[in-house]
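Since the structure comes first, as structure tokens, the remarks are kept for the end.
Coordinate-derived values only; no laboratory data. Model, not experiment: these values are computed from the prediction. Here Cβ is always computed from backbone atoms with ideal geometry, including for glycine, and neighbour counts include all displayed protein chains.
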Amino acid sequence: MSRILIAECKQEISSFNPVIGTYDNFSIRRGSELLTYHQGRETELCGALQVFADSHVDVIPTYGAVAPSAGPLDQQDFERLAAELLDTVTPHLAEADGMYCCLHGAMGCTEELDPEGYLLQQIRRSAGPDFPIVISQDLHGILTHRMLEHSNGLAIYHTYPHVDLADTGRRAAYLLLQVLAGAQPVVARVRVPALVRGNELITASGVYGETIRYCQALEEQPDILAAGMMIGNPFTDVPELCSQAIVVADADPDLARNEALHLAAEFWEHRALMQPDLVSVEDAVAQAAQYSGPVLFTDAADAPSSGATGDSNVLLQALHASGYSGQVLAPLVDAPAAYMAHDAGLGARIHVVLGGSLDSRFAPLDLEVEVTQLGDGEYLCESWNTPQHAGPTAVLESDNLTIVCVSRSVPFIDRSVFIAHDINPKNYDLIVIKSPHCQWHFFDEWAEINFNIDAPGSTSANLPTLGHRVCQRPMYPLELDAPFTPVAEMFGTGA
């Protein structure tokens, strides 16, 4: 019976978030806690564990560290995290036949810009060159040379919005089992100097989905072990930030190379389509009153799921100043306001300054509010059935504004924060969504229109405004005339 180590280290960051991340943001699970936590959830490890169980593999759970998206992780805190993971994994390497490591791919620290690559390098150093290591990554991950050099292959998300986490874990597990059975993975990577955003990235309906479906068709071929088109996280400003075509073939470097080049060329051809159609704050507010059905204001520039602070009040400010009379529902990360509401108590009327508690570019909004609900911030993510830890929460009402305040940055990728407070978004005229895209049925299915707002923030889809300093240049659309000379980099035995 094969023995497989499993470990997990996941966080996505925005380099433009001014708040430095800390160790305390991470949920740490050791040993059997990993198995217990992932049972029945829509996660990569849940999917992988199902495959290993069906294949009668003996699993050795080691260490898991997962945190909500944030700013760059403090270097000393990363070193503590890395030491814990490596100290837990290393003693088990001699008794294991291989390892599955669940990563995000878009971590970043104040000093180490490739933390996942560092972890894999250290594991490889202890495990030796012949020890099989398979990883999984978000399609927003930034796969680096170091990650590829020290792993044997990977599985990549195929959906956006992400609904295939468990499936990705299953594919990673199957890949590892194939390697243990004698497969010889050869990885081809073609880096594409393009960053993309916008509705064409929705894999169910956009042009990016056509590329993903080609990847899925490749994976049906007997000699292809894995394929994916990674678009990176444009807000993680690191040296290897880009989009990249990845193909893993079984002992066939020419097949991997040719298919990766094909994927990259197809993706590059559509780069202009995969850019956002943004509406100014002023135009969106002016048009909102013209619609009778629910209106959505997508504030992707302040999406905690992408690494922003979640404390932008720009849209609330504009709606309040304009005299918009419809009922507005909005989430907001604002610990001082939430704590003040808890101190005042349910039903109290208090004066608060909302927004800008983390990112100083947002000027606070002065409001008189009524505290209509209080909560502990513990609820399940509607998308993945994973626990969310938002800290003390408060629902604050001021005239036509209903603001759900949380104390900690958590993903606003669905209706979870509203459901946790018994709020039905359908009962409002305008809903602010702090996520670039949500699953269709959460909001868009029943809304009359969705305005993608060109607002300030550390995850703005208006990429040239962010101020990239580290990633390779030229890079489309930071430079509209960026050239592309396709080159396939090869990794693995026989490459």
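Data overview
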read-out: Proportion of all alpha-carbon pairs of the chain beyond 30 Å (%); value: 46 percent
read-out: Helix axis angle, 75-89 relative to the chain longest principal axis, alpha carbon, degrees; value: 40 degrees
read-out: Ascending count of other beta-carbon atoms within 10 Å, so fewest first, for Glu282, Glu240, Glu259; value: Glu282, Glu240, Glu259
read-out: 10 °C / 1.306 mPa s Stokes-Einstein diffusion coefficient of the stretch 279-461, Kirkwood radius on C-alpha pairs, µm²/s; value: 99 µm²/s
read-out: Descending principal axes extents, the stretch 1-181, alpha-carbon based, whole Å; value: 48, 35, 30
read-out: Fully extended contour minus Cα-Cα distance, from Gln290 to Glu111, at 0.36 nm per residue; value: 59.5 nm
read-out: Exposure proxy order (Cβ contacts within 10 Å, fewest to most) of Arg415, Arg80, Arg469; value: Arg469, Arg80, Arg415
read-out: Net dipole in debye of the chain [+1 Lys, Arg Cβ; -1 Asp, Glu Cβ; about Cα centre; nearest 20]; value: 500 debye
read-out: Sorted by Cβ neighbour density within 10 Å, fewest at the top, the residues Ser435, Ser126; value: Ser126, Ser435
read-out: Surrounding net charge for Asn199, when Lys and Arg each add one and Asp and Glu each subtract one, Cβ distance under 12 Å; value: -2
